[in-house]
Amino acid sequence: MHLREISGQGDGSNLRIGIAVSDFNATITGALLAGAVGALEEAGVEECTVVRVPGALELGPALLKLVESGHDAAIAIGAVIEGETDHYEHVATQASGAITQISLSTGVPIANAVLTVRELSHARERSLPGPGNKGAEAARASVAMVHALRAI
């Protein structure tokens, strides 16, 4: 048997990465965006397009347009925080479904940094600068996925 192992190793040079970021919960999403941009810079990504949308439900169309315009990968950034109604569950489910559907239907990796949390403090923890920043984590995943998919 011949075993071929594929990993997402490689830098971000020559990659076009798009980011769709929700303005809702801007303190959190701004920190996630800063983490993502910082990680992309560290990876050597030279071209990054940021599209700002009103909320998590609007991420899907922006991501689709980024993918259709030739970006190698995209990152979805948002923060859906539970409130007093069921709206939280609907928004989280629909946003996540759109991200998955676009990625699977186009074959372009989309990293999901849409936080879905019960408490604002949980979102703050995941958006702080440093290794736990989910925007930075998603950025690294987007670069790795481009390399992994190209190697198949």
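V80: in a strand (DSSP E or B), β-branched (V, I, T) and open to solvent by 50 Å² or more (accessible area, probe 1.4 Å), yes or no? Criteria not met by V80. Open to solvent by less than 20 Å² (accessible area, probe 1.4 Å) and either under 15 Å from K134 (Cβ atoms) or in contact with a His (Cβ under 8 Å, 6 or more places away or on another chain) (or both) - does that describe any residue in the range 38-49? Scanning the range 38-49, I find at least one residue that is open to solvent by less than 20 Å² (accessible area, probe 1.4 Å) and either under 15 Å from K134 (Cβ atoms) or in contact with a His (Cβ under 8 Å, 6 or more places away or on another chain) (or both), so the answer is yes. Taking interchain pairs and intrachain pairs at least six residues apart, which have beta carbon atoms under 7 angstrom, with the first residue in the range 2-20 and more than 21 Å from G135 (Cα to Cα) and the second open to solvent by 60 Å² or more (accessible area, probe 1.4 Å)? If the second residue must be open to solvent by 60 Å² or more (accessible area, probe 1.4 Å), the pairs left are I6/I152.
Evaluating E41 against the criteria (1) under 22 Å from G8 (Cα atoms); (2) in contact (Cβ under 8 Å) with a residue 24 or more places away in the chain leaves one unmet condition, (2). Just one residue in the set A144, A139 is modelled with pLDDT of 95 or more, out of contact with any helix residue (DSSP H, G or I) (no Cβ under 8 Å at 6 or more places or on another chain) and not in a strand (DSSP E or B); that residue is A144. The conditions of being open to solvent by 70 Å² or more (accessible area, probe 1.4 Å), of a type in the set (A, V, I, L, M, F, W, C) and outside any strand (DSSP E or B) are met by L57. Applying the condition of being in contact with a strand residue (DSSP E or B) (Cβ under 8 Å, 6 or more places away or on another chain) and assigned to a loop (DSSP other than H, G, I, E, B) to the range 1-34 and asking which residue is least open to solvent (accessible area, probe 1.4 Å) yields L15. In the condition set (1) closer than 16 Å to A31 by Cβ; (2) more than 16 Å from the chain's Cα centre (by Cα), H87 is compliant with all but (1). Restricting the range 91-111 to residues that are in contact with a Ser or Thr (Cβ under 7 Å, 6 or more places away or on another chain) and under 20 Å from A26 (Cα atoms) leaves a set whose member that is modelled with the highest pLDDT is A111.
Can you confirm whether the range 117-140 contains a residue that is over 20 Å from A26 (Cβ atoms) and of a type in the set (K, R)? Yes, the conditions are met somewhere in the range 117-140.
If you take the residues of the range 123-137 that are within 22 Å of Y88 (Cα to Cα) and of a type in the set (G, A, S), which of them is surrounded by the most Cβ atoms within 10 Å (Cβ to Cβ)? My answer is G135. Within the range 60-77, track down each residue that is assigned to a helix (DSSP H, G or I) and either of a type outside the set (K, R) or closer than 22 Å to N133 by Cα (or both). Answer for the range 60-77, where residues must be assigned to a helix (DSSP H, G or I) and either of a type outside the set (K, R) or closer than 22 Å to N133 by Cα (or both): G60, P61, A62, L63, L64, L66, V67, E68.
The values are calculated or read from the model by the stated rules, or taken from the named source; none is laboratory data. Predicted model only: the values in this text are computed from it and were never measured. With ideal geometry, Cβ positions are generated from the backbone for all residues, glycine too; neighbour counts draw on all protein chains shown. Ligands, DNA and RNA are stripped out before the accessible areas are found, and what is left, the full protein with its side chains, is counted by its heavy atoms. Shrake-Rupley method; radii C 1.70, N 1.55, O 1.52, S 1.80 Å.
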